[in-house]
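The values are calculated or read from the model by the stated rules, or taken from the named source; none is laboratory data. Model, not experiment: these values are computed from the prediction. Cβ placement follows ideal geometry from the backbone for every residue including glycine, while neighbour counts extend to all protein chains displayed. The protein model used for the area step is the full one, side chains on, heavy atoms only, and it has no ligands, DNA or RNA in it. Shrake-Rupley method; radii C 1.70, N 1.55, O 1.52, S 1.80 Å.
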Amino acid sequence: MLQSVPVWGKLAGVAAAVYCIAVFGAVYRHNQAILQNATYAEITGGGFIYNYRIADIRAGITVGLVKPLPLGTRLVASFESPQGGTIEIEQAVSHAKRNYSFETPSLTGVEAERTYLAVLHVIDPATGQQIERHEKGLKSGVAPKAMPTKSLTIGPGYHINPQIRPEPKG
């Protein structure tokens with residue numbers, strides 16, 4: 001079978017193979033250079049979470065891993081609290097996950113149009129030292145007075161809260 005393929009066909013096949021190897025090698029080196037300079041993690045989103053049904057306000061961020069971290073690395077999110085101080089939430093890195101979400105417990109006193117700081121710390125498992133730090137400002141466009149003072153619904157079926165149900169007329 002190879003006897004029937006002309007020499008120029010064999011040379012063209014070898015040239016195509018060499019070209020493909022060169023292109024793939026260049027792309028691989030380029031990607032490695034980008035990964036070498038990349039951060040380990042980044043804050044991919046965040047904001048305030050309003051649940052009017054249960055009269056609840058929370059703050060949260062989402063974090064995406066850009067490149068692999070050693071097992072045992074911790075991600076610590078610090079949120080500026082409207083009451084003063086900070087709220088810290090910690091998660092350990094798992095090889096099975098590339099995205100993490102951090103959500104505060106219920107907040108009170110959130111002011112509209114004020115920026116609250118959320119900070120992500122990436123902590124080395126061996127030394128306990130901070131490897132990276134990322135910041136994001138979270139701003140609420142909704143005034144807390146728009147939030148009901150009591151839960152509008154109760155239970156898993158979202159039944160109307162009897163404490164706020166209007167009395168039947170007549």
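The table below lists the values:
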| item | result |
| --- | --- |
| Residue, farthest from ARG133 (Cα to Cα), within segment 19-74, restricted to residues that are among the β-branched types (Val, Ile, Thr) and in a strand (DSSP E or B) | ILE57 |
| Residue within segment 25-38 that is open to solvent by 50 Å² or more (accessible area, probe 1.4 Å), touching a residue at least 12 places away in the same chain (Cβ under 8 Å) and not small (Gly, Ala, Ser) present | yes |
| Residues within segment 127-151 that are among the aliphatic types (A, V, I, L, M) and at pLDDT below 90, tallied | 4 |
| Failed item, numbered, when ALA55 is tested on (1) in contact with a strand residue (DSSP E or B) (Cβ under 9 Å, 6 or more places away or on another chain); (2) closer than 30 Å to GLY155 by Cα; (3) open to solvent by less than 90 Å² (accessible area, probe 1.4 Å) | (1) |
| Tabulated pairs, segment 94-121, first in contact (Cβ under 8 Å) with a residue 60 or more places away in the chain, second part of a loop (DSSP other than H, G, I, E, B) and open to solvent by less than 20 Å² (accessible area, probe 1.4 Å), C-beta under 7 angstrom, 6+ apart or interchain | VAL110/SER140 |
| In segment 105-150, the residues that are open to solvent by 70 Å² or more (accessible area, probe 1.4 Å) and more than 19 Å from GLU90 (Cα to Cα) | THR108, GLU111, GLU113, ARG114, THR115, LYS139, LYS145, THR149, LYS150 |
| So PRO82, is it free of Cβ contacts under 8 Å to residues at least 40 places away in the same chain, over 20 Å from the mean Cα position of the chain (by Cα), surrounded by 11 or more Cβ atoms within 10 Å (Cβ to Cβ) and part of a loop (DSSP other than H, G, I, E, B) | yes |
| Residues located in segment 85-109, provided they are assigned to a loop (DSSP other than H, G, I, E, B) and of a type outside the set (A, V, I, L, M, F, W, C) | GLY85, SER94, HIS95, LYS97, ARG98, THR104, PRO105, SER106, THR108, GLY109 |
| Set LYS139, LYS145: member being at negative phi and free of Cβ contacts under 8 Å to residues at least 24 places away in the same chain | LYS145 |
